[in-house]
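**Student:** Below you will find the structure I want to go over with you.
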Amino acid sequence: MQKIYVSQCNDYSVADVDKAVNFCMKDFARNVKKGSSVLLKPNILIGRSSEDVVTTNPEVVRAVARVFKEIGCKVSLGDSPAFGNLRKALDTCGILPVCEEEGIDVVNFDEAKEIDTLSGPISVYKGIDDFDYLVNLPKAKTHGLIGFTGAQKNLFGLVCGMKKSKYHLKYPNRYSFSRMIVSLANAVKPSFNLMDCVVGMEGNGPSAGSPRKLGFIAASESAPYLDFFVSDLLGFKYNEVGTLDVEHSEHGLDVNVNNLNLISNIDPGKLRVKDFKKAGGLKLGGVMSLVKKYVSSRPVISVECINCNRCVENCPADAIAKGLKRPVIDYNKCIRCYCCGEICPSKAIVSRRTLFGKILRL
Ligand code: SF4
Ligand code: SF4
C-alpha cells in the first residue's frame, strides 16, 4: 500500500510549516545520507507574489531545505518559469531571500538534454542526474487543461524555457498532454514529493484562480498517488484529472482511496473540501473531439489586459495576434493549452464556455 503523509498546517508561520514538514518527511529523512546533494523543484510557474498562490510558498521551501541541511546535505533549488528570468521570479515570489538566508544554490534550468520516455524523447534540464535526490515541491492548484496540477504536472518545469511550447504543440489535447506529463514524471521519478496544500488555488488555475485555504501539507514517495489523494480530497474524480486518468488506464493506478496507507496527525475527513471550484477546462473524447472548437471552453482576454503582448510571444500555436487595445485570439488555431493564462501578469485571460457549450451544458 502506498504511503501518504498528511499533516494539518493552518498557515505559513515558520513554526506551523516546520512542524508539518517534519512530520511528513520523518521516515524519508531517516534514510538520507550525510553529504548528499539535493535538488528542490518548487512550482515557480511565473514570478508572482506568494499571496497570489501561484507558486510554492517560501516557508515550505525553507522548512524542507532545513530538514536536509540538518542531515548535512548540500541543497540546491531550480526551475524554469513559463516566462522570464528565474532569479527575478524567485525574488517576486519570496523564495530568493529564503535561498540567500538558508545558503541554497539557485540552479537555472537553461541547458537541456534528451531523455527517453514512453511518449518519446523529452528535453529536460541537463544537470538533473548530478543530484542524489530530486525533491518535488508542488502547489495544489486547478489546471484548465488537465484539471488539477500537483506533483506530476510540476515536473513539466524540468523542461527548459520555451521548449515547453514545443511539447504543447506536439501533444495538443488533454489526453496526449497528460500522457506526456505522466511519461516524463515516470522517467525522472522524484525521490520525494511534498505538496503545499496550506492555501491552494481554485477556479481559473493554474495562475488566474483564487486562493483557497486547505490547511494541510501532504507528501509521498509516489507522485501519482499523492496527486490522487489530494485531488480526491478536493472533490475530483480520478478521471477528471488528465494525468490520473492516464495513470489508471495505462499504469494500473489503484483509484480506491481506502487502499492508501495514510500516516496522518489529523482525520483526513476533516480536510475534505465540498465546494472546491474546478477550472473551466473540459474533457472531450470520441466524436465530441471533432467539434471541440465549437463546444469546449476557451481562453478569453478580459478588460484587465495591459497589452503587454507576453501571450502573443508565447502562444505555442501562434493563435494570438497583437491588437490595438488588447491581443486577439484565433480560435481556429487555438489548441486550448492555456499557456497564455499561465503567463499573463494581470490575470486577464479567463476560461469561458462557448454558447454551444452552455446549450449542451458542457
Ligand atoms: S492578455 Fe495578459 S499576457 Fe496578453 S497582452 Fe494582455 S496582459 Fe499581456
Ligand atoms: S491562445 Fe492560449 S490556449 Fe490557445 S493555443 Fe495560444 S496559448 Fe494555448
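**Student:** Consider only pairs whose beta carbons are under 6 Å apart and that are at least six residues apart or on different chains; among these, list those whose first residue lies in the stretch 325-348 and is aliphatic (A, V, I, L, M) and whose second residue is near ligand 2 (Cβ under 6 Å from one of its atoms).
**Tutor:** 329/319; 329/320; 335/317
**Student:** Residue check: is residue 96 surrounded by fewer than 21 Cβ atoms within 10 Å (Cβ to Cβ) and among the aliphatic types (A, V, I, L, M)?
**Tutor:** Judged against the criteria, residue 96 is a match.
**Student:** Mind checking whether some residue in the stretch 325-343 is open to solvent by less than 30 Å² (accessible area, probe 1.4 Å), in a loop (DSSP other than H, G, I, E, B), within 16 Å of ligand 2 (Cβ to nearest atom) and modelled with pLDDT of 90 or more?
**Tutor:** yes
**Student:** What residue, among those in the stretch 4-21 that are under 27 Å from residue 256 (Cα atoms) and not hydroxyl-bearing (Ser, Thr, Tyr), is most open to solvent (accessible area, probe 1.4 Å)?
**Tutor:** 8
**Student:** Any residue in the stretch 136-150 that's farther than 15 Å from residue 40 by Cα: show its pairings with residues that are surrounded by fewer than 24 Cβ atoms within 10 Å (Cβ to Cβ) and of a type in the set (Asp, Glu) at Cβ separation under 7 Å, as long as the two are six or more apart or on different chains.
**Tutor:** Listed by first residue and then by second, the contacts come to 142/202; 147/240.
**Student:** Go through the stretch 293-324 and count every residue that is within 10 Å of ligand 1 (Cβ to nearest atom) and part of a strand (DSSP E or B).
**Tutor:** Going through the stretch 293-324 one residue at a time, the tally reaches 4.
**Student:** Kindly list the number of the only condition in (1) modelled with pLDDT of 95 or more; (2) outside the structural domain of residue 184 (by TED's automatic domain parsing); (3) assigned to a strand (DSSP E or B) that fails for residue 263.
**Tutor:** Against the list (1) modelled with pLDDT of 95 or more; (2) outside the structural domain of residue 184 (by TED's automatic domain parsing); (3) assigned to a strand (DSSP E or B), residue 263 comes up short only on (2).
**Student:** Tell me the strands (runs of 3 or more DSSP E) entirely within the stretch 98-175 that contain at least 1 residues that are under 24 Å from residue 341 (Cβ atoms) and either over 19 Å from the mean Cα position of the chain (by Cα) or modelled with pLDDT of 95 or more (or both).
**Tutor:** Passing ranges, in order: 122-125, 133-137, 139-143, 147-149.
**Student:** Kindly evaluate residue 219 against the criterion of being within 21 Å of residue 48 (Cα to Cα) and not in a helix (DSSP H, G or I).
**Tutor:** No: the conditions fail for residue 219.
**Student:** Could you go through the stretch 209-221 and let me know if any residue there is crowded, with 24+ Cβ neighbours inside 10 Å, modelled with pLDDT of 95 or more, among the hydroxyl-bearing types (Ser, Thr, Tyr) and more than 24 Å from residue 316 (Cα to Cα).
**Tutor:** yes
**Student:** Here is a further query. Of (1) in contact (Cβ under 8 Å) with a residue 40 or more places away in the chain; (2) farther than 24 Å from residue 28 by Cβ, residue 238 satisfies all except one. Which?
**Tutor:** That leaves (1) as the condition not met.
**Student:** Residue by residue through the stretch 189-208, note down the ones that are among the hydroxyl-bearing types (Ser, Thr, Tyr) and farther than 16 Å from residue 51 by Cβ.
**Tutor:** 191
The values are calculated or read from the model by the stated rules, or taken from the named source; none is laboratory data. Remember, it's a predicted structure, so these values are computed and weren't measured experimentally. FYI the Cβ positions are ideal-geometry reconstructions off the backbone, even for glycines, and counts take in every protein chain you see. Note: accessible area is taken over every heavy atom of the protein model, side chains too, but ligands, DNA and RNA are not part of it. Shrake-Rupley method; radii C 1.70, N 1.55, O 1.52, S 1.80 Å.
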